[in-house]
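The values are calculated or read from the model by the stated rules, or taken from the named source; none is laboratory data. On a predicted model such as this, the values are computed, not experimentally measured, just so you know. For neighbour counting, all protein chains shown are included, and Cβ atoms are generated from backbone atoms with ideal geometry for every residue, glycine included.
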Amino acid sequence: MQIILVAAVALIDPDGRVLLAQRPAGKSMAGLWEFPGGKIETGESPEDALIRELSEELGIDTWASCLAPLTFASHTYPDFHLLMPLFACRRWQGTPHPREGQTLKWVRPADMRDYPMPPADIPLIPILRDWL
């Protein structure tokens, strides 16, 4: 089974809310809410992948020194196995805005279960809730 490496980030605003993005129509798992991020390209570190993805998807800039490893997800889907480090980030430049058709929402960790998420993301919710 193929292992897919994806990096994700919990962007945390000054009020302790976390940014979730809703997968747009036409993508797999459309309509589900997820942490921003994306596939790690060959030769890329997870931090470099997040810096690139945040710029491409949300139009914001951050730095490796602002990405703190928090936890990870390891989940088997029918066609692949997902390994996804989750970083926490409280510092970035710019205002996140959807650049790829996704919907964005700032959500309190206690309310994250109200947002349907991919199976790999669900176990990350209690970790974030306890940490924040």
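Can you tell me which residue in the stretch 56-73 is nearest to GLU34 (Cα to Cα), limited to those that are assigned to a strand (DSSP E or B) and touching a residue at least 24 places away in the same chain (Cβ under 8 Å)? Please lay out each step first, then the result.
First, pick out the residues of the stretch 56-73 that are assigned to a strand (DSSP E or B): 61, 68-73.
Narrowing further to those that are touching a residue at least 24 places away in the same chain (Cβ under 8 Å): 61, 70-71, 73.
Details: ASP61: 19, LEU70: 16, THR71: 15, ALA73: 12 Å.
Step by step, filter the stretch 56-73, then rank; the result is ALA73.
Tell me, yes or no, whether the stretch 22-31 has at least one residue that is over 18 Å from LEU128 (Cβ atoms) and assigned to a helix (DSSP H, G or I).
Here is the first cut: in the stretch 22-31, the residues over 18 Å from LEU128 (Cβ atoms) are 23-31.
Next, from what is left, pick out any that are assigned to a helix (DSSP H, G or I): none.
Scanning the stretch 22-31, I find no residue that is over 18 Å from LEU128 (Cβ atoms) and assigned to a helix (DSSP H, G or I), so the answer is no.
Can you pull out every residue in the stretch 58-71 that is surrounded by fewer than 21 Cβ atoms within 10 Å (Cβ to Cβ) and either under 14 Å from the mean Cα position of the chain (by Cα) or within 28 Å of ARG113 (Cβ to Cβ) (or both)?
Within the stretch 58-71, ILE60, CYS66, ALA68, PRO69, LEU70, THR71 qualify.
I need the full set of residues from the stretch 95-132 which are under 13 Å from the mean Cα position of the chain (by Cα) and small (Gly, Ala, Ser), in order please.
Residue satisfying the conditions is ALA120 alone.
Spot the failing condition for TRP92; the list is (1) at pLDDT 95 or above; (2) more than 15 Å from the chain's Cα centre (by Cα); (3) not polar (S, T, N, Q), and only one is missed.
(2)
Could you give every pair whose Cβ atoms fall below 9 Å, whose first residue belongs to the stretch 18-47 and is under 18 Å from ILE125 (Cα atoms), and whose second residue is charged (D, E, K, R) and surrounded by fewer than 19 Cβ atoms within 10 Å (Cβ to Cβ), counting only separations of at least 6 or pairs across chains?
Within 9 Å, the pairs are VAL18/ARG108; LEU19/ASP13; LEU19/LYS105; LEU20/LYS105; ALA21/GLU100; ALA21/LYS105; GLN22/LYS105; TRP33/LYS105.
Considering only residues of the stretch 1-37 that are in contact with a Leu (Cβ under 8 Å, 6 or more places away or on another chain) and of a type in the set (Gly, Ala, Ser), which is surrounded by the most Cβ atoms within 10 Å (Cβ to Cβ)?
Out of the qualifying residues, it is ALA7.
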